[in-house]
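Engineer: Below is one structure. I have some questions about it.
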Amino acid sequence: MAVKNISTRMKICGRTAKCTGGHSAVEQSGYISREIMYSEYDGKTYYPKYAEDLVHNEVLLPENAPEEYKDPKKLWNSVEMFEKKDDAQLARTWRIELPNNWTYKFAIMFLRELCKRLFVSKGMCVQFAIHDSENDKGQRNLHAHIMLTMRSIDEQGHWMPKQKKVYLTDENGERIPVIDEKTGQQKVDKRNRKQWQCTTIKTNDWDDKKYGKLWRKELTDAINSANAELGMTENFWEYRSFKEQGLDIIPQIHLGEKASAMERAGIKTIRGDINRDIIARNAIINAARAAYEKAKEELAEVVAIPVTAIKTFKSEIVDMIRKMAERNNNRLTLPVMKGKFIGAVSDRAALQDKAKMEAYVQSKGWTTFDEMQADRKELKANYETMEKSRSDMTERMSYLQKLLDFNDEYYEPYHKYNIEYWKLKGAEDKNGKPLGFFKKSQAEEYKKQHQAQLNSFKMYKSALKDMIKEPDKKITPKAWKKELDGLKEKYQQTERPLSDAIINLAKMEVLSYNKRYLEQTLQNERSERNRTHIRNRDQIL
């Protein structure tokens, strides 16, 4: 099974140059649906550059959305007209790669269900389009474009604000006034309305950074699951970046429409030259890695098994390998429904190689299948222990990372205000009002000026403590970070032993399967000889 690193790109479609996903949601919708689209916001008509590669286009809506939004023209014009700011963010776009051996019918069903589960269920309106094309080398490129709305829709079917104002309250639940430092009185606006301290909160969390990686993983897991159901197991799709996988491979950059068109026409571009350089460098890296692994494997085999030992070693397992190889083009056979461990090994050819499997058996010193099964039982128990340990570490690392993320993003930015307040309060309690009896307390003045931040600190502190599973509920970011780093190192140390266990268990699965296969084959051959003998005897009689 080969590893396939999935290609996805997520961008923001907005009106500023920073938003590289497009400057108009209507234009972007027309591009993915291959339709001519008129924008009511800027009065422009947008014409798609291509049309022949469109497979399917569809809009999915949450419960409260107006039915008319199923028309992408009405949906994205509504989005554009509702946004008034020049720097408004209009939509989130996601381009995803799909398996090229899928049928159109299956790809449509897959995208529809994925979008409903990940996006529509959270309240987003979704437009997705599937494209299919072929380059001049005959290579297929099945992919999809997804557009997501960024505002929630209320029960009346209206766009909601991205943020809403919340008034801050004191210990008694009363709103906190905004005090004018000069007059000491509550501030009022131009219409003489009293001003109260407030903050803003988001009406949804769709822009949380966690979703980018989460959605990419969900997509990859869904593709792997779908391929397993279809019996298309030649590729295992990987969502992690090369760096996260511990690979030193350099990722290629995205060409873009103009550069891709120029490259197809035979015109070299700067971005194309960069990718060609990356491909050349990766080829060197991969060749060096392959040479190293092959040399290491060959050296291990030579060191472990002298030539004289190979000739004299007697084993029923080696005998089975040779008999199977005679009947199967000098190779072992793999089960049609691959075992748990065979499916995890990418180099399946090595599992079928007669010489390598003989060398493997001899390196283990097995003379009988009973000896192999005893080692397999012990190794499987060790593997399950490692898997359980890694699962526990993964769960703990996820928990610690969530605590650290919440601490860094919400708790820590307001912690300094609480420290400063209690520093002033402590000094005054110790020295007895150093400013004098008739002067104001610095601590209380600081509290009034930063009441919003102090209230936010209390709220986030309470939320963080609720997240902590430990009984003492202590907030200890340094200890969390130290434990997390230790777990990551420990987890990484288990990679090699786990990989070795999987490869060994896969080889034992192959040997056990071929033993059963050979026994059945020999039984069939004996039965056929008996039937032939009986037929010949009957003919003589």
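Engineer: Using the C-alpha gyration tensor of the range 414-520, what are the square roots of 5 times its eigenvalues, in whole angstrom, with the largest one first?
Structural biologist: Working from the Cα gyration tensor, I get semi-axes of 64, 13, 9 Å.
Engineer: Something else now. Mind jotting down the three principal axis lengths of the range 143-186 based on Cα atoms? Whole angstrom, largest first.
Structural biologist: 63, 24, 19
Engineer: How long are the semi-axes of the equivalent ellipsoid of the range 174-237, defined as square roots of 5 times the Cα gyration tensor eigenvalues? Whole Å, largest first.
Structural biologist: 58, 10, 8
Engineer: Taking H placed 1.01 Å from N in the peptide plane, check which residues at least 5 places from F236 or on another chain put their amide H under 5 Å from its amide H.
Structural biologist: A2, V3, K4
Engineer: Once you treat every alpha carbon in the range 1-121 as an equal point and sum by Debye, what is log10 I(q)/I(0) at q = 0.13, 0.15 Å⁻¹?
Structural biologist: -0.60, -0.79
Engineer: With N set to the number of residues, divide the alpha-carbon radius of gyration of the range 71-194 by 2.2 N^0.38 Å and report two decimals.
Structural biologist: Against the empirical 2.2 N^0.38 Å value, I get 1.73 for the range 71-194.
Engineer: Here's a follow-up. Any aspartates and glutamates with Cα under 16 Å of the K182 Cα? List them, leaving off those in the same chain fewer than 8 positions away.
Structural biologist: Correct list for K182: E445.
Engineer: What does the extension gain come out to for R516 and W196, with contour length at 0.36 nm per residue minus their alpha carbon separation?
Structural biologist: Computed gain between R516 and W196 is 107.2 nm.
Engineer: Any number yet on Rg/Rh for the range 80-143, C-alpha, Kirkwood?
Structural biologist: 1.10
Engineer: Taking a temperature of 4 °C and a viscosity of 1.567 mPa s, what whole-number D in µm²/s does Stokes-Einstein yield for the range 117-190 with Rh from Kirkwood over alpha carbon pairs?
Structural biologist: Answer, rounded: 71 µm²/s.
Engineer: Let me know the volume per residue of the alpha-carbon convex hull for the range 478-541, in Å³.
Structural biologist: It comes to 52 Å³ per residue, whole-number rounded.
Engineer: Rounded to the nearest 0.05, what FRET efficiency is calculated for K70 and D180 with R0 set to 41 Å and r the Cβ-Cβ distance?
Structural biologist: Taking R0 as 41 Å, the efficiency between K70 and D180 is 0.20.
Engineer: Let me ask something else. List the lysines whose Cα sits under 20 Å from the Cα of K354, skipping any in the same chain fewer than 8 residues away.
Structural biologist: Once the sequence-local lysines are set aside, what remains near K354 is K294, K296, K311, K314, K323, K338, K364, K507, K515.
Engineer: Suppose all protein chains stay in the model; what accessible area per residue would a 1.4 Å probe give for the range 79-175, in Å²?
Structural biologist: Using a 1.4 Å probe on heavy atoms only, each residue of the range 79-175 averages 51 Å².
Engineer: Of the GluC sites (Glu not before Pro) in the range 62-101, which ones lie in a loop per DSSP and count no more than 13 other C-beta atoms within 10 Å?
Structural biologist: When the GluC sites (Glu not before Pro) of the range 62-101 are filtered for loop state and at most 13 Cβ neighbours within 10 Å, E63 remain.
Engineer: Separate question: Dividing the alpha-carbon radius of gyration of the range 348-488 by 2.2 N^0.38 Å (N being the number of residues), what value is obtained?
Structural biologist: So the Cα radius of gyration is 2.04 times the expected 2.2 N^0.38 Å.
Engineer: Same structure, new question: With 23 Å as the limit, write out which pairs from K85/K187; K11/K116; K388/K473 have Cα-Cα distances beyond it, or answer none.
Structural biologist: K85/K187; K388/K473
Engineer: Could you rank the peptides 376-387, 183-194, 167-178 by their average count of other C-beta atoms within 10 Å per residue, with the highest value first?
Structural biologist: My ranking of the peptides, most packed first, is 376-387, 167-178, 183-194.
Engineer: Sorting check: for 348-359, 488-499, 525-536, which peptide has the highest mean count of neighbouring beta carbons within 10 Å, and how do the rest follow?
Structural biologist: Going from most to least packed, we get 348-359, 488-499, 525-536.
Engineer: Same structure, new question: Which percent of the accessible heavy-atom area of the range 119-234 goes to carbon and sulfur, probe 1.4 angstrom?
Structural biologist: Of the solvent-accessible surface of the range 119-234, carbon and sulfur hold 45 percent.
Engineer: What distance in nm separates the simple spin-label points at E483 and K377, each placed 7 Å from Cα in the Cβ direction?
Structural biologist: With each label point 7 Å from Cα toward Cβ, the separation is 3.8 nm.
Engineer: Would you please state which residues of the range 89-103 a label at D53 would reach in this model, taking the label point 7 Å out along Cα→Cβ and a backbone N cut-off of under 19 Å?
Structural biologist: 93-103
Engineer: Through the Karplus equation 6.51 cos²θ - 1.76 cosθ + 1.60, θ set to phi - 60°, convert the phi angles of the range 199-209 into ³J(HN,Hα) values in whole Hz; use x for Gly and Pro.
Structural biologist: 3J(HN,Hα) across the range 199-209, in whole Hz: 9, 10, 10, 6, 7, 8, 10, 5, 8, 4, 4.
The values are calculated or read from the model by the stated rules, or taken from the named source; none is laboratory data. Since this is a predicted model, take the numbers as computed values, not measurements. Every residue, glycine among them, receives a Cβ derived from its backbone with ideal geometry; neighbour counts consider all protein chains shown. When the accessible area is computed, the model is the full protein with side chains, heavy atoms only, and any ligands, DNA or RNA have been set aside. Shrake-Rupley method; radii C 1.70, N 1.55, O 1.52, S 1.80 Å.
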